[in-house]
1. Taking the radius of gyration and the Kirkwood hydrodynamic radius from Cα positions alone, what is the Rg/Rh ratio for the stretch 106-149, to two decimal places?
2. State in Å² the accessible area per residue of the stretch 36-154; use a 1.4 Å probe, count heavy atoms of protein chains only, and round to the nearest integer.
3. Kindly state, to the nearest 0.05, the FRET efficiency for residue 68 paired with residue 124, given R0 = 25 Å and r defined as their beta-carbon distance.
4. Tally Lys/Arg at +1 and Asp/Glu at -1 over every other residue whose Cβ is under 10 Å from the Cβ of residue 31; what's the total?
5. If you look at just the Cα atoms of the stretch 87-126, how large are its Rg and its Dmax in Å?
6. How long are the semi-axes of the equivalent ellipsoid of the stretch 24-77, taking √(5λ) for every eigenvalue λ of the Cα gyration tensor, in whole Å from largest down?
7. Treating cross-link reach as a plain straight distance, find the aspartates and glutamates whose alpha-carbon is under 12 Å from the alpha-carbon of residue 42, omitting any fewer than eight places away in the same chain.
8. Take 114, 59 and sort them by solvent-accessible surface of the protein heavy atoms, 1.4 Å probe, largest at the top.
Amino acid sequence: MKKGILCAAAVLLLLLPGCSGGRAAQTADVQKIADGLIGSVKFQDQMSEIKQDMAIQIYGIDSGDVVKAAVYESTGATAEEVAAFEAKDDQAAGRVKEKAEERITTQRAGFQDYQPAEMAKLQDPVLVQKGKYVVLCVSNDNETAKKTIDGFLS
């Protein structure tokens, strides 16, 4: 009998979040997302992680908008890049996504004359915002990047 009561209590606890009428907040680890992209996407260049404060500066993001960031850059010989941000809320994530779009525009201007072959990557990078998460992947392997991101943010 006690087992039945415990099972019923466990089921009720699992159902309670669904009864609130709102959607449950999705949680993800941006470091795992970035590392997952580094491990699954085929990059041509050596990718190196940069510190969060440097990433925020490079992207021109207000540090108050970001809870956590994981960013990898190439050596500069290619435009390849991985960036995953957890913003403080959905509105901040929108601002972070805008900064990521600006970063892509800046990179296009820089690589257009320097490495024109990199423009294909920069014309159609994978940029996803889901809730308070923003993920950017610049590579020649968009299909794998999209699948990997979906695996973390589905």
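The values are calculated or read from the model by the stated rules, or taken from the named source; none is laboratory data. These numbers were taken from a predicted model, which means no experiment stands behind them. Note: ideal-geometry Cβ built from the backbone for every residue, glycine included; neighbour counts use all protein chains shown. Remember, those area values only see protein heavy atoms, side chains included, never the ligands or the DNA or RNA. Shrake-Rupley method; radii C 1.70, N 1.55, O 1.52, S 1.80 Å.
1. Values: Rg = 11.8 Å, Rh = 11.3 Å.
Here Rg/Rh amounts to 1.05.
2. Values: 5880 Å² over 119 residues.
Per residue, the stretch 36-154 has 49 Å² of solvent-accessible surface.
3. Details: r = 27 Å, r/R0 = 1.07.
Once rounded, the FRET efficiency stands at 0.40.
4. Numbers: positive: 32, 68; negative: 29, 35, 49, 86.
Overall, the nearby charge balance is -2.
5. 12.5, 37
6. Numbers: eigenvalues 91, 59, 10 Å².
So the equivalent ellipsoid measures 21, 17, 7 Å along its semi-axes.
7. The reachable aspartates and glutamates, counting only those whose Cα sits under 12 Å from residue 42, are 80, 81, 141, 143.
8. Values: 114 140, 59 10 Å².
Descending order: 114, 59.
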